[in-house]
Amino acid sequence: MGFKEHKVHDEVAPNLVPMIDIMFLLLLFFMLNANFDARATEEMVSPIAKNADERKKDEKQEGSGSRVTVNIHHLSEGGDKLLCPTYKAGKVCREDTHWLISVQGRRHKLVKEDLEKLKSVFLDLARPFSEDKSKPGSKSERVMVIRADRQAPYGYIQKTIEQLAGAGLYKIEVGVEKPAPEKPKG
Amino acid sequence: MAGGPSEDNPVGINVTAMVDIIFCILLFFMCSMKFKAIEGKLDSWLPLDKGGKASANLNQEKPEIRIVLSFDETRGIVERYFGRNPIPPEQGDLKLESLIDAQNKAYESQGFRDDKAVPVIIDAGPKVPWENVVNVLNMCKGLGVKKVEFGFGSELKK
């Protein structure tokens, strides 16, 4: 019998071009929004201040101009594998060993040796902007941004301020979070 | 398949590998994406001539507006003082705000303005949560206080 076998080639060819276009746009959006300056700012809950000035884009970049951020933060649960029930409950944790002072990615504990190291870091940071570069601790024009966790006991910020004052750094900016703008009613 | 060889274009490019890689990169950026909160700043200065330590003296001749914050461990609350006068917690921020404003205006009328402006010194104890210190700083900023300084020591001497 002369039956012919017809092969049906059901080849579906989706057009990938629009999909690739959209993917590229999404990729571009996420890449431009990515924040790689995590070394400068540690994860923490900042206090809210509605009267604060909004930080300009160039002020947010670490190392731009004379600005350096000092973070006073609690050990985090993820990276530092710490489970502090007091901090987790939203209360003030007063355990010295649970708190850190971080500058440019370097973490310092609240112990004498680390605080001395911190002072030498501050002296190095102050020197290029000092009035008298040969004299350590002379008045420096560098701006230091203090970013502290809202639950941090003030004593830890005092210790940081003491080291800053000793290094001649007197221009202090307090890093806070501004509340989201209210939406107009109606 | 799009990108495969056709009559017009005999050289076919296999886009599958590229799409795979783009998907991976897209996934990475999507996962690492974080919407940041609006960052703000509050300017303040350390007393140039004194550093942080010398501001412990409450009986200075130099005019100043001193806000003392102290943590009461038995009650678990932050006590606030305007100079040596306690501000009852029930009177809230408004009382302290009005006292700072009135004192600041009084000094301004005496000629202590611009460069000679009298500083508001926030003098908090080591156990006071940072949030409470920032609250006073925010209050001063809202009132248009020119100089805000950090002092420490008098809280311990009380």
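Readers should treat all values here as calculations from the given coordinates under stated rules, not as data from a laboratory. As the structure is a prediction and not an experimental result, all values here were calculated from the model. Using ideal geometry, Cβ is built from the backbone for each residue, glycine included, and neighbour counts are taken over all protein chains shown.
Observations on the structure shown:
- Only beta bridges with both residues in segment A:64-175 are counted; by DSSP, about 45 percent of them are antiparallel.
- Which of A:V92, A:V70 has the fewest Cβ neighbours within 10 Å, and the rest in rising order: A:V92, A:V70
- Inter-centroid distance (Cα atoms) of segment A:129-186 relative to segment B:105-153, Å: 15 Å
- Cα-centre dipole for segment A:64-175 with unit charges at Cβ (Lys and Arg positive, Asp and Glu negative), debye to 20: 80 debye
- B:V15, A:V174, A:V145 arranged by Cβ crowding within 10 Å, fewest neighbours leading: B:V15, A:V145, A:V174
- Ordered by the number of other Cβ atoms lying within 10 Å of each residue's own Cβ, fewest first, B:C24, B:C140, A:C93 fall into the sequence B:C24, A:C93, B:C140.
- 5 angstrom amide H check on A:S66, placed H, neighbours 5+ away: A:V143
- Placing unit charges on each Cβ (+1 for Lys and Arg, -1 for Asp and Glu) gives segment B:54-157 a dipole about its Cα centre, and among B:A117, B:I77, B:I100 the Cα reaching farthest toward its positive end belongs to B:A117.
- Size descriptor, Kirkwood hydrodynamic radius, that averages inverse alpha-carbon separations across segment B:54-157, Å: 13.9 Å
- Working note: Debye formula, equal point scatterers on the alpha-carbon atoms of segment A:64-175, no solvent; log10 I(q)/I(0) at q = 0.15, 0.20 Å⁻¹ is -0.64, -1.02.
- Partner chain coverage, peptide A:144-153 - average Cβ within 10 angstrom: 4
- Entries in A:K117/A:K178; A:K117/B:K62; A:K119/A:K178; A:K50/B:K147; A:K139/B:K146 that, when Cα-Cα distance is taken, lie over 26 Å: A:K117/A:K178; A:K117/B:K62; A:K119/A:K178
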